[in-house]
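A short write-up of the structure that comes next.
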Amino acid sequence: MATCRQRGRPPHADLLTPAEWRVVEAVRHGISNREIAARRGISLDAVKYHVTNALQKLGLADRRALRRWDGVARGSALFSQETWMATEPHIGPLGQIARRVKDIVAARRWYGEVLGLPHLYSFGDLAFFDCGGVRLFLSQEGAAGQNESILYFKVADIRPAHAQLAARGVAFVNAPHMIHRHGDGTEEWMAFFNDEEGRPLAIMAQVKA
């Protein structure tokens, strides 16, 4: 007797589907629906669908609440990482400096060929260079974007660092979220906050697979 196959998508053990997680991480990073659609090569309606599904599944009211939601995907390296709680959060050396440019092609040529900085990698309108061990992150943005540079501080474990700094009054604008997974499985995690004058800063951590 032939067995009947269950139709539809296979069930997921996680709170969200992989596609929903990719969109949620982008939302937590502050990227608009239209930008997410362009970067991921999917329709704007698909992005809106994933955002709506995520909000319903997580019981969150809106996009602002989603940005501050601190969930971690079960399939990520950070999920299985043993979390330790230090007495004081150790803010390490600078790991990255971000600068927005109007023309990424011209900027990539100038920083690479004129200044001679080693080019690490590029993704569309993003380019990364090595500055003696500190990563320079260039992103193409319009004139209306935030022009002030962002300093990224390394931390050993981003979740307890985020919790401890928030308890001390640091004004985070989003929860720790994964912004990229490298080819070797290494994950880049970040959380953004403001200093006492409202200027942007961030903590960052690399999690090995």
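Some observations on this one:
- Hits in region 190-209 (condition: assigned to a strand (DSSP E or B) and either surrounded by fewer than 18 Cβ atoms within 10 Å (Cβ to Cβ) or out of contact with any strand residue (DSSP E or B) (no Cβ under 9 Å at 6 or more places or on another chain) (or both)): PHE193, ASN194, PRO200, LEU201, GLN206
- Residue check: GLY133 meets all listed conditions (1) out of contact with any strand residue (DSSP E or B) (no Cβ under 8 Å at 6 or more places or on another chain); (2) at negative phi but one, namely (2).
- Residue satisfying all of: in region 92-135; in contact (Cβ under 8 Å) with a residue 12 or more places away in the chain and basic (Lys, Arg); nearest to TYR152 (Cα to Cα) among these: ARG135
- Leading residue by the ranking (nearest to the chain's Cα centre (by Cα)) among those in region 98-125 that are surrounded by fewer than 16 Cβ atoms within 10 Å (Cβ to Cβ) and part of a strand (DSSP E or B): PHE123
- Considered as a group, the residues in region 164-183 that are part of a helix (DSSP H, G or I) and free of Cβ contacts under 8 Å to residues at least 60 places away in the same chain include one that is surrounded by the fewest Cβ atoms within 10 Å (Cβ to Cβ), and that residue is ALA167.
- Residue check, LEU165 among the aliphatic types (A, V, I, L, M) and under 27 Å from GLY116 (Cα atoms): no
- The set of residues in region 91-117 being more than 22 Å from ALA205 (Cα to Cα) and either touching a helix residue (DSSP H, G or I) at 6+ places or on another chain (Cβ under 9 Å) or of a type in the set (Asp, Glu) (or both) consists of VAL101, ASP103, GLU113, LEU117.
None of the figures in this text is laboratory data; all of them are computed from the coordinates on show. Computed from a prediction, not measured in an experiment: that's the story for all the values here. All Cβ positions, glycine included, derive from the backbone under ideal geometry; neighbour counts span all protein chains shown.
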